[in-house]
Amino acid sequence: MNCPLCSPSDETVLWQNHHLRVIAVNDDANAPAFCRVIWQQHVAEMSDLSADDRAKLMNTVYALEVAMREVLQPAKINLASLGNVVPHLHWHVIARFTDDACFPASIWAPPQRTAKIRLPENWQQSIATLLTEQLS
């Protein structure tokens, strides 16, 4: 199996424990404030987890949403769990801005404009600090 989430390279890890990790996705020009919550064990579906593990995962997704809202002040947060391309359980947590490249469409839609987003300096570290406070 060649799973990019099981064998990560060059990730910006914002928070992790032995169950999961939160990373910043740094390679999407259409969504410059894009994070993922990744379950460490290779499972494909939410129903592969126990109820307790599902709660741990979703509590982390919610904590990340809260931190991103506080730090970035977006117009909206998008949450998505797809896994069609990489069938390893993970959630996308994406800050959306009215002047991002695709708003109000999905970040995976064709861009409608050139993005003019100014993110706060050190936003990733600020989110990492808030996650540590919320989840530790």
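The values are calculated or read from the model by the stated rules, or taken from the named source; none is laboratory data. Computed from a prediction, not measured in an experiment: that's the story for all the values here. Cβ placement follows ideal geometry from the backbone for every residue including glycine, while neighbour counts extend to all protein chains displayed. Accessible surface areas use protein heavy atoms only, side chains included; no ligands, DNA or RNA. Shrake-Rupley method; radii C 1.70, N 1.55, O 1.52, S 1.80 Å.
Values computed for the structure shown
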read-out	value
For Ala24: the one exception among (1) part of a strand (DSSP E or B); (2) more than 11 Å from the chain's Cα centre (by Cα); (3) aliphatic (A, V, I, L, M)	(2)
Residue in the range 2-15 that is of a type in the set (Val, Ile, Thr) and surrounded by 15 or more Cβ atoms within 10 Å (Cβ to Cβ) present	no
Failed item, numbered, when Ala95 is tested on (1) open to solvent by less than 30 Å² (accessible area, probe 1.4 Å); (2) over 16 Å from the mean Cα position of the chain (by Cα); (3) closer than 24 Å to Pro8 by Cβ; (4) among the small types (Gly, Ala, Ser)	(2)
Selection from the range 55-66 of residues that are hydrophobic (A, V, I, L, M, F, W, C) and open to solvent by 50 Å² or more (accessible area, probe 1.4 Å)	Val66
Residue check for Arg54: part of a helix (DSSP H, G or I), among the charged types (D, E, K, R), at pLDDT 95 or above and under 23 Å from Leu20 (Cβ atoms)	yes
Candidates Asp27, Asp52, filtered to the one that is more than 20 Å from Asn84 (Cβ to Cβ), exposed (fewer than 15 other Cβ atoms within 10 Å of the Cβ) and of a type outside the set (Lys, Arg)	Asp52
Arg69 within 13 Å of the chain's Cα centre (by Cα), at pLDDT 95 or above and surrounded by 12 or more Cβ atoms within 10 Å (Cβ to Cβ)	yes
Scope the range 82-125; condition polar (S, T, N, Q) and under 26 Å from Thr60 (Cβ atoms); matching residues	Asn84, Ser106, Asn122, Gln124, Gln125
Residues within the range 82-131 that are part of a helix (DSSP H, G or I) and either at pLDDT below 90 or in contact with a strand residue (DSSP E or B) (Cβ under 6 Å, 6 or more places away or on another chain) (or both), tallied	4
Some residue of the range 119-133 being open to solvent by 70 Å² or more (accessible area, probe 1.4 Å), over 17 Å from the mean Cα position of the chain (by Cα) and not hydrophobic (A, V, I, L, M, F, W, C)	yes
